[in-house]
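To start, the structure itself, in structure tokens.
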Amino acid sequence: MTGTGGDRKVGDARAAGAGRFRFFREDRCDRCGDCLVACPYLELSREEARREIASLIDTGASRALDVCHTCHTCDVVCPAQADPYELVLERWSERRRDGLPPAARLVTPSEPGNLWSSLKVVLPPDEHALLRSWEPLVPCDELCLAGFYTNVVPYLLQAKVLADLPRIVGSEALFGCAGDLYKTGRFDLVEQIARRLERVFRELGVRRVVCSMGAEAMLLSEILPRRFGAAFDFEVLSLDDWLLERLRSGKIALARKLGLRVTVHDNCLSKLQGGRLQEANRELVRRTGCDVVEPEHTRERALCCGFGAAASRFRVLDILASGHRRLRELEATGAEAAVVYCPACLFILSVVKELAGVRMPLYHPVELVERAAGGAPVRRHEERAWDMAAVIGNHLLKSALSPRYRGTFQPAPISPELQPLPELPWGDRVRMKLLTALFHGPVVQNAAMRGLISRSFRATLSRDGARRPPASE
Ligand code: SF4
Ligand code: SF4
């Protein structure tokens, strides 16, 4: 692990709040500006960074609120462990008490038309069957938690090298361990999700949880217990740790070396716990016989996949532009492929890759291990990207057509008991089917149209970047 983060963990909820903020440790902050100098999106000089952090603390006004990608870098580099990223979240929290922007409906499972319900209309039967098999919550000692965004790419967990995983359980009703709502600053909802998770895990009587998303492992082991007082009485490890242990112990035998030169994309929450997840994934990759070439921004300074760009202004174009910046940086390494170990990053980068016509293949580490073990992983990233393009297209259509949908919304409170998620409205089902038929059909999937789409996509991002639109909140 390089840099100043060490094995730093997130602040303790009971220790924080020494002052006017809930999580930001104003008492520790000397306003040095290190945090915002390191921010890869603000690009500030030392003096500008000092002014910006002072303004964010004193008045709540800062450009950080319009550009923050929730990447966690500022937290990791802060020498005083004052948690400046949480200051951004607290300021967003103040703005968003009365409602969230419409795009947040997509990642709020209790909202009709959320992305999971939309996607299920077009998933193939084998993935439907997988998701259904993961839903029953049966008491057990050990389980694998199907992650929020693993549910978008469930085919990944069919790999033969995962055959010995504990029983896979989990649905969108667990709200991805509150990761997305934490990023919006809606701490009230995060508290409610923490209570739901406490209840669910207590009733399961589980002693060990393997998280198929490393980010959720960080939420269960760090953020929810330390910031929201969640009482979890079980061991947490990530699928990455689980796989690595099996490779080290020889329980998974590799038949061949892949011999690829790959670059690695690190996700935001991998920066916690001293970058333990980052190291685990590099070792996984090397054990498959691949060489790692690092991108310009890596490990604790890694750029966001684009998803976090939504947290500031909730603009789809911000997500796509940010994802495109990251993909270009990964391509610039000259690597033959990119390894993306977070399923959320994998699906966002896959969408951008398809729209921008980027050729570099993206792999989840499970795919590399499966291939090195002599297997052939089920690989549907490209198809899923076009399914997700349909979800985004449906959202944009509804935004254009419905003033009510365009408005802010107040998510329903989340009870401690699991409740059925809302049915997908009829209109969404029809639009999803039409859009996916179009995106997967010959009208779009031909060389001329794909070329036109990628040129238009790049031109749109370039025009949008040049305009630098003002904050929308
Ligand atoms: S939050 Fe940390 S890095 Fe930022 S100004 Fe305060 S002490 Fe310096
Ligand atoms: S979390 Fe990342 S993007 Fe947000 S202010 Fe901190 S360094 Fe900048």
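Looking at region 24-49, which of its residues are touching a Leu at 6+ places or on another chain (Cβ under 7 Å), within 13 Å of ligand 1 (Cβ to nearest atom), part of a loop (DSSP other than H, G, I, E, B) and in contact (Cβ under 8 Å) with a residue 40 or more places away in the chain?
Residue satisfying the conditions is PHE24 alone.
Any residue at all in region 45-52 that is farther than 24 Å from ARG196 by Cβ, among the aliphatic types (A, V, I, L, M), crowded, with 18+ Cβ neighbours inside 10 Å and within 14 Å of ligand 2 (Cβ to nearest atom)?
Within region 45-52, one or more residues are farther than 24 Å from ARG196 by Cβ, among the aliphatic types (A, V, I, L, M), crowded, with 18+ Cβ neighbours inside 10 Å and within 14 Å of ligand 2 (Cβ to nearest atom).
Where in region 223-317 are there helices (runs of 4 or more DSSP H), lying fully within it, with 1 or more residues that are farther than 24 Å from ILE348 by Cα?
Counting at least 1 such residues, we get 224-228, 239-248, 276-287.
Taking the residues in region 128-172 that are aromatic (Phe, Trp, Tyr) and not in a helix (DSSP H, G or I) as candidates, determine which candidate is farthest from VAL340 (Cα to Cα).
That would be PHE148.
Residue by residue through region 358-386, note down the ones that are over 14 Å from LEU284 (Cβ atoms), within 22 Å of the chain's Cα centre (by Cα) and not in a helix (DSSP H, G or I).
Hits for region 358-386 are VAL358, MET360, PRO361, LEU362, VAL378, ARG379, ARG380.
Filter region 53-77 for residues that are within 12 Å of ligand 2 (Cβ to nearest atom), assigned to a loop (DSSP other than H, G, I, E, B) and out of contact with any Phe, Trp or Tyr (no Cβ under 9 Å at 6 or more places or on another chain) and give the result.
Once the filter is applied, which keeps residues that are within 12 Å of ligand 2 (Cβ to nearest atom), assigned to a loop (DSSP other than H, G, I, E, B) and out of contact with any Phe, Trp or Tyr (no Cβ under 9 Å at 6 or more places or on another chain), region 53-77 yields SER62, ARG63.
So, of the residues in region 53-64 that are in contact (Cβ under 8 Å) with a residue 24 or more places away in the chain and surrounded by fewer than 21 Cβ atoms within 10 Å (Cβ to Cβ), which turns out to be farthest from ligand 1 (Cβ to nearest atom)?
GLY60
Okay, residues lined up against (1) in contact with a helix residue (DSSP H, G or I) (Cβ under 8 Å, 6 or more places away or on another chain); (2) closer than 22 Å to ALA217 by Cβ:
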residue: ARG286; (1), (2): no, yes
residue: VAL293; (1), (2): no, no
residue: LEU303; (1), (2): yes, yes
residue: ALA309; (1), (2): yes, no
residue: VAL316; (1), (2): yes, no
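Bear in mind that the values in this text are calculations on the coordinates, not laboratory data. Fair warning: this is a prediction, and the values are worked out from it, not measured in the lab. No Cβ is skipped: glycine too gets one built from the backbone with ideal geometry, and neighbour counts run over all protein chains shown.
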